[in-house]
1. Please tell me which of these pairs span more than 19 angstrom C-alpha to C-alpha: 41/97; 54/97; 54/75; 54/141?
2. Just to be sure I understand the model, the point goes 7 Å from the Cα along the line to the Cβ. What's the resulting residue 118 to residue 89 distance in nm?
3. Given the C-alpha centroids of region 25-56 and region 73-144, what is the distance between them in whole angstrom?
4. Would you calculate the separation in nanometres between label points at residue 101 and residue 75, each defined as 7 Å from the Cα along the Cα-to-beta-carbon direction?
5. Assuming a ≥ b ≥ c are the square roots of the Cα gyration tensor eigenvalues, decide whether region 25-137 counts as rounded (a/c under 1.5), prolate (otherwise, with a/b larger than b/c) or oblate.
Amino acid sequence: MASPTPFKSTVAKKSDNASKTEERVMPATLDQRRAAYAWEKVQGCNSDYCNLAKAAPALIMSNGLMQTLAYYQDKGKDHHNALSRHLREWLKRRFPKGFESDDYSSVMQALFNTADAQFYRQATEETLALLRWIRQFAAAKVGG
């Protein structure tokens, strides 16, 4: 079986004198895309974010995805808002037809209004898969 072919993306990269375009090979597998997204989002994270990310899977498993997002929204602290935003943005990327927007209200409305239990389960599983990467990278950034 052939390995997945990476897809290419064109990004602008600033040099000392001028902007130039560089072609970057983006990750091909879903897990690689999760890792790349998580790595991008944990840059500059603090220990509060790291601790919240570590606890997030247990919170989702015991209370559910919607309840966890509502809890983060209610808390309103920077690290709660950041992790919630990162999870919602990823869900929007992964399921563009399922979510109109990545804002809190739109994501909750989409999860609440779905009559498809499989969609809710997939969104939860995808969130947990992303959190595996976020937790590891956040701990490495804060600890290192």
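Nothing in this text is a laboratory measurement; each read-out follows from the coordinates by a stated rule. Given the structure is predicted, the values throughout are model-derived calculations rather than measurements. FYI the Cβ positions are ideal-geometry reconstructions off the backbone, even for glycines, and counts take in every protein chain you see.
1. Details: 41/97 23 Å; 54/97 29 Å; 54/75 17 Å; 54/141 13 Å.
Beyond 19 Å: 41/97; 54/97.
2. Once both label points are built, they end up 3.0 nm from each other.
3. Taking the Cα centre of each part, region 25-56 and region 73-144 sit 12 Å apart.
4. Distance between the two pseudo-spin positions: 2.4 nm.
5. On the way: a/c = 1.60, a/b = 1.12, b/c = 1.43.
Verdict is oblate for region 25-137.
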